[in-house]
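The values are calculated or read from the model by the stated rules, or taken from the named source; none is laboratory data. Computed from a predicted structure; not experimentally measured. Because the Cβ atoms are built from the backbone with ideal geometry, glycine has one as well, and the counts that use them run over all protein chains shown.
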Amino acid sequence: MGQLPFERRTFEVLVKHEVKTVPVVRDSLSTLLHYGIIVVNKPKGPTSHMVSEYVQRILALKKAGHGGTLDPGVTGVLPVALGSATRIVQALLPAGKEYVCLMRLHDDRNDAEIRRVCASFVGVITQKPPVKSAVKRVQREREIYYLEILEIEDRFVLFRVGCQAGTYIRKLCEQIGKALGTNAHMQQLVRTKAGPFSDEQWVTLQDLEDGLALFKEGDDRLLAKCLHPIEAGVRHLPKVVLGDEAITPVMNGVDLFVPGVLRLDSDIAEGMLVAVMTASGRLLALGSAALSSAAVMQAQKGKAVTVEKVFRRPTDTYHV
């Protein structure tokens, strides 16, 4: 089975300063209801924004936001961030996606030809957004990480595709059809991965409603299945761990400097989006790496991370 780029990362954790860690205290369900993430199995019909509004209404929240639009007719994985956690969508929107697609060819083609042509689309391709699109219709490069044929029956082709964010699967079907010397269209589409979240974690809106009702009656098992901590939303990102003395400055929006770094992943390149964590595993900020991992390990001073977004738990309690 294919893997998204973050799933095949190979790295080690580089230690710049040793420090005794304090085990993280798990968030209560009451906290996660205002500072967590739900992986919704979006049904066919409503827009992604409507699903976010449903979640917001069910949980009586001031705000909720989704991490990656799905067309009304498309189903599947839709991460919805709750309350103060909505700022995490910055990390989810550019993340790789996986879909299972049912494509229909307009003419007969043999299986070997279909497999050969589909395999040729793995790598960088060029697409122009559809006519009904919110973005400017210019040619754009997108990467197909993998494309696996699951089944071929008559003119129907079922395949799994892992791709860069912003790839149009409907357009991809048309391109495959053209490469086969015919036409093709997307018959059905399900998103099975959105960054670090997959169909193994999805729940329905009904699950959420039922879980909340049971929680109010003292049974938290179903609701616990629905809620994920905000840290789950950065599982795909490289990490930089900061020391105790740097927590307050970063919480106030100050950039992270080299002396405040305890450890970091070895595969960080300059300009890369990184998650700034406490030593106990709490997400503190998102930012852009000002130096590579190797440069941070060699440096004694200078900026390590340009802080872009700071995250404050309802409790605002952080420990290293």
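Please verify whether region 113-128 includes one or more residues that are under 26 Å from Leu273 (Cα atoms), of a type in the set (Asp, Glu) and at pLDDT 95 or above.
No, region 113-128 has no match at all.
Taking into account only those residues within region 179-215 that are part of a helix (DSSP H, G or I) and in contact (Cβ under 8 Å) with a residue 60 or more places away in the chain, which is nearest to Ser48 (Cα to Cα)? So that I can check it myself, show each step before the final result.
Within region 179-215, the first condition is being part of a helix (DSSP H, G or I), and the residues that meet it are 179, 205-215.
Filter again for in contact (Cβ under 8 Å) with a residue 60 or more places away in the chain, leaving 179, 205, 208-209, 212, 215.
Details: Ala179: 32, Leu205: 13, Leu208: 16, Glu209: 18, Leu212: 21, Phe215: 26 Å.
Per the stated criteria, the residue is Leu205.
Suppose the filter is touching a residue at least 40 places away in the same chain (Cβ under 8 Å) and part of a helix (DSSP H, G or I); does Pro249 pass it? Break it down into steps so the answer makes sense when it comes.
Working: touching a residue at least 40 places away in the same chain (Cβ under 8 Å): no; part of a helix (DSSP H, G or I): yes.
No.
Does at least one position in region 20-33 carry a residue that is over 30 Å from Glu245 (Cβ atoms) and touching a residue at least 60 places away in the same chain (Cβ under 8 Å)?
Residues of region 20-33 that are over 30 Å from Glu245 (Cβ atoms), as a first pass: 29-30, 33.
Subset that is touching a residue at least 60 places away in the same chain (Cβ under 8 Å): 29, 33.
Yes - at least one qualifying residue is present in region 20-33.
Tell me which residues, restricted to region 11-45, are part of a loop (DSSP other than H, G, I, E, B) and in contact with an Asp or Glu (Cβ under 7 Å, 6 or more places away or on another chain).
Within region 11-45, just Phe11 meets the criteria.
Output the residues belonging to region 72-99 that are touching a Leu at 6+ places or on another chain (Cβ under 7 Å), under 21 Å from Tyr146 (Cβ atoms) and of a type outside the set (Ser, Thr, Tyr).
Listed by number, the residues that qualify are Val74, Gly76, Gly96, Glu98.
Report the residue count in region 216-230 for those that are surrounded by fewer than 19 Cβ atoms within 10 Å (Cβ to Cβ) and touching a residue at least 24 places away in the same chain (Cβ under 8 Å).
2
Among what's in region 237-254 and is surrounded by fewer than 20 Cβ atoms within 10 Å (Cβ to Cβ) and either under 23 Å from Leu93 (Cβ atoms) or not assigned by TED's automatic domain parsing to the domain that holds Leu14 (or both), pick the residue that is nearest to the chain's Cα centre (by Cα).
Lys239
Glu174: under 30 Å from Tyr54 (Cβ atoms), surrounded by fewer than 22 Cβ atoms within 10 Å (Cβ to Cβ), modelled with pLDDT of 95 or more and not assigned by TED's automatic domain parsing to the domain that holds Ala304, yes or no?
no
Across region 71-121, which residue is surrounded by the most Cβ atoms within 10 Å (Cβ to Cβ) among those that are more than 21 Å from the chain's Cα centre (by Cα) and in a strand (DSSP E or B)?
Looking at residues that are more than 21 Å from the chain's Cα centre (by Cα) and in a strand (DSSP E or B), I get Met103.
Give the residue that is farthest from Gly233 (Cα to Cα), with candidates limited to residues of region 46-70 that are in a loop (DSSP other than H, G, I, E, B) and under 17 Å from the mean Cα position of the chain (by Cα).
In this case the residue turns out to be Leu70.
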